[in-house]
Structures are given as C-alpha cells and as structure tokens.
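The values are calculated or read from the model by the stated rules, or taken from the named source; none is laboratory data. As the structure is a computational prediction, the values presented were derived from the model and not from experiment. So basically every Cβ, Gly included, is an ideal-geometry build from the backbone, and we count neighbours across all protein chains shown. Calculation scope for accessible area: heavy atoms of the full protein, side chains included, ligands and nucleic acids excluded. Shrake-Rupley method; radii C 1.70, N 1.55, O 1.52, S 1.80 Å.
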Amino acid sequence: DRVIPRAFATDYRSAILFGRARLVPDEEAGLKREALEALNRKYAPDYYEEGQEEIRKDWDNVQIVEIRIDHMTGKEALKAVREME
C-alpha cells in the first residue's frame, strides 16, 4: 500500500478468500516443512541455511493453517491500475 497525501488517497490491492481452513496436524510434517521452506525461499532467498536453522529451532512452536479456497474476490485502487497500463 502507498499513501498519497496530496491526493488524500491510498493505492492498494486487496483480496478476500472464502473457503475452509484447517490446522495441519503433526502427522503431516512433510506439508508443514514444505510450507515453511516455501516461505523461506520467498522472503529470505539469500539466507537459505539460516532459514533452515530457524525452521529447526522453532518447529514445535509453529502451526500451519491450510486454506482450501472456494472462491476469491479482489480489488485495486484505480491509480494503481492506470500506472500498470
């Protein structure tokens, strides 16, 4: 998001998801590891080993919520749309 004080506006993008959520149980440790490693790759790609250590260190303190999406909606500020054209 970006606030544009001069225009008294905000550029934004948002999404609303509808679906079913469930906690991933400990028996599905592979899915939990896959999710955590995907976050590590996305947000800290240059720190793979450090990310792996964080996963190991906090493994028992993390819960993964899986959301099966039925449908979603979204919207975007018009200024952002115009800049993309």
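Rounded to the nearest 10 Å², what accessible area does residue 3 have for a 1.4 Å probe in the complete protein model?
110 Å²
Using a ≥ b ≥ c from the Cα gyration tensor of region 16-77 (square roots of the eigenvalues), is it rounded, prolate or oblate, where a/c under 1.5 gives rounded and otherwise the larger of a/b and b/c decides, a/b for prolate? Walk me through the numbers on the way to the answer.
Details: a/c = 3.24, a/b = 1.43, b/c = 2.26.
Taking the square roots of the gyration eigenvalues as a ≥ b ≥ c, region 16-77 is oblate.
For a Förster distance of 22 Å, can you work out the FRET efficiency between the beta-carbons of residue 72 and residue 37, rounded to the nearest 0.05? Intermediate values should be presented prior to the final figure.
Numbers: r = 25 Å, r/R0 = 1.11.
That pair, residue 72 with residue 37, gives E of 0.35.
Please report the accessible area of residue 69 (heavy atoms, 1.4 Å probe, ligands and nucleic acids excluded) in Å², nearest 10.
Estimated to the nearest 10 Å², residue 69 gives 90 Å².
Just going by the charge dipole of the chain, with Lys and Arg at +1 and Asp and Glu at -1 on Cβ, which of 31, 16, 45 is farthest out on the positive end?
My answer, from the dipole projection, is 16.
Whenever you get a sec, compute what percent of the accessible area on region 1-68 sits on carbon and sulfur atoms (1.4 Å probe).
On the way: 3090 of 5770 Å².
Carbon and sulfur: 54 percent of the exposed surface of region 1-68.
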